[in-house]
Amino acid sequence: MMNPQRRQTTEEWDFDAVIGKLFDDLIITDERGRILTVNGDFEKMYGQPSHQLVGKTVAELEKQRVFYPSVTLRVLETGEKQTAVQQTKNGRRMLVTGLPVFDKNGQLRWVICLSRDITEPVRLREHLAVLEKEVNRLQAELEVLRHDRMTNEPIVAASKAMQQVLETARKAAKVDVNILLLGESGVGKTALARWIHQRSARAEGPLIEVNCGAIPEALLESELFGYEAGAFTGAQRKGKPGFAELADGGTLFFDEIAELSPASQVKVLKLIQEKRFYRVGGTETRTSNFRLIAATNQDLEQLVKEGRFRQDLYYRLNVVPIVIPPLRERKEDIVLLIRSLMEALCRKYGVHKTVDPQVVDWLTQLSWKGNVRELENLLERLVVTTESTVIRMDDMPEPYRQTGTLPAFRWEKGRTLQVILNEVEREVLLSVAKKGRTTAQIASLLGVSQPTVVRKLKKHGIRLHG
């Protein structure tokens, strides 16, 4: 009686059909690399019909770039199993495994190569890598925007000094030259760096800002150059691109560059010179085509003399120096700055407020040691804390009510006698208002009528408390 589960004989197996199910193609060669048999859609994979390959050597086909590299040749050279990714003439990517076959005397007689088309997975992986790089770049730019409260404010240049600054910046923006922005803290170096980037040929590329004073020295290299997966404890599983890599095709802005340590200065110098680097824990050389802008509020030339800043790095940075004057030297800009900042702040907080002209006139007289940043901070405080829609003198914080270094009655060009008298009158009223709680008391102290006091308090925007 026949066994229903009879074992198939070897003759009943279609060897080529079985292999064809497991792999996209099969090549068997002799010990000289000459093809004996093939199986698979070679026309699609290699651009030649199967029957045209039989009899040819793999060395010949590799030379013609039908496929490259030849795994069979590697097996013949080593006598061992080999696996490699192969590029074909049709632009396909094949994962090829070559297996040596020996006779009973131990002599290599045949090589069997089994291939699998991995073109689409490889393309998908490469596409995902590009997308990941783009996402990282966008995240870095979004981080910059998140910390920037007023990215859209224009550069105010009513003064001749600032007009000259912008003219120099406009010329420098057109070419890929290194720019060094100099000036006191708060004068607007970061805003000018963005202004230059937006007017350069790299405006469509990223602007990556690096605050050298905010990054610990131990982390600077990984933040600047990035790191590979597993480079150190706590590293992201897939690694991370650094600022230099993210700035490719755009602008790399080093703020507070004088804060770099001597060791970090060497690394930055090498990056600027070669625009090549290695990720931390990596062996692959990476390049980045960026435009460099640096900024500092310190005297780099003096730091070089003191041996605290590298001279060669200083000369690399100082190709086109642009000095931004302090706010006290460009008082013509203050009125426009107040208007511009107030518009931005009102949009930010969803309110509508204005500044009393007397307050504007007073603010133009202050020394502004913190420059534009100090002015911005003061206005933001006033917009948030004042209840009235008009910001008046009695809304000002105490330090800003004092006369400061420039007395209100001092004459200078552009200030008429009436303006000076109004300022003196206002200061007198403010001073006496601290001693008298009512308009009647103030009138008594000043020797005028109560209606006069009421009128003048209203004129100067002074409100009584208590």
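Only helices enter the 222 nm calculation for the chain: every DSSP H run of n ≥ 4 contributes -39,500 (n - 2.57), and dividing by all residues gives -12500 deg cm²/dmol, rounded to 500.
Once you reduce segment 308-350 and segment 253-280 to the center of their Cα atoms, the two points are 24 Å from each other.
Just to confirm the filter: which GluC sites (Glu not before Pro) across segment 259-346 are DSSP coil and have at most 10 other Cβ within 10 angstrom of their Cβ? Passing sites in segment 259-346 are Glu284, Glu306. Protection proxy ranking for 213-226, 116-129, using the average of other Cβ atoms within 10 Å per residue and placing the highest first: 213-226, 116-129. Once the Cα atoms of helix 160-173 and of the chain are each reduced to a long axis, what angle between those two axes, in degrees from 0 to 90 to the nearest 10, is obtained? The angle comes out at about 10 degrees. Principal-axis analysis of the Cα atoms of the chain puts helix 189-198 at an angle of about 50° to the longest axis. Taking packing as the residue-averaged number of other Cβ atoms within 10 angstrom, the listed peptides 419-425, 33-39 run from highest to lowest as 33-39, 419-425.
Treating r as the C-beta distance of Ile420 and Asp299 and R0 as 35 Å, the FRET efficiency rounds to 0.40.
By the rule of a C-alpha distance below 28 Å, with chain neighbours fewer than 8 residues away ignored, the lysines paired with Lys238 are Lys133, Lys267, Lys270, Lys275. Beta bridges assigned by DSSP with both partners in the chain are antiparallel in approximately 65 percent of cases.
Excluding same-chain neighbours fewer than eight residues apart, the lysines reachable from Lys369 by a Cα-Cα span under 25 Å are Lys160, Lys189, Lys331, Lys413. Charges were assigned to the Cβ only: +1 to each Lys and Arg, -1 to each Asp and Glu. The resulting dipole of segment 271-315 about its Cα centre is roughly 240 debye.
Order of 382-394, 85-97 by packing, highest average Cβ count within 10 Å first? Write down the numbers at each step before the final one.
Values: 382-394: 14.8, 85-97: 16.8.
Ranked by mean Cβ neighbours within 10 Å, highest first: 85-97, 382-394.
Each 10 Å bin, from zero up to the one with the longest distance, holds this percent of the alpha carbon pairs of the chain: 4, 14, 17, 14, 13, 11, 9, 6, 5, 4, 3, 1, 0, 0.
Every number here is computed from the coordinates shown, using simple stated rules; none is lab data. The structure displayed is predicted, hence computed values, not measured ones. Positions of Cβ are generated from backbone atoms using ideal geometry, with glycine treated the same way; all protein chains shown enter the neighbour counts.
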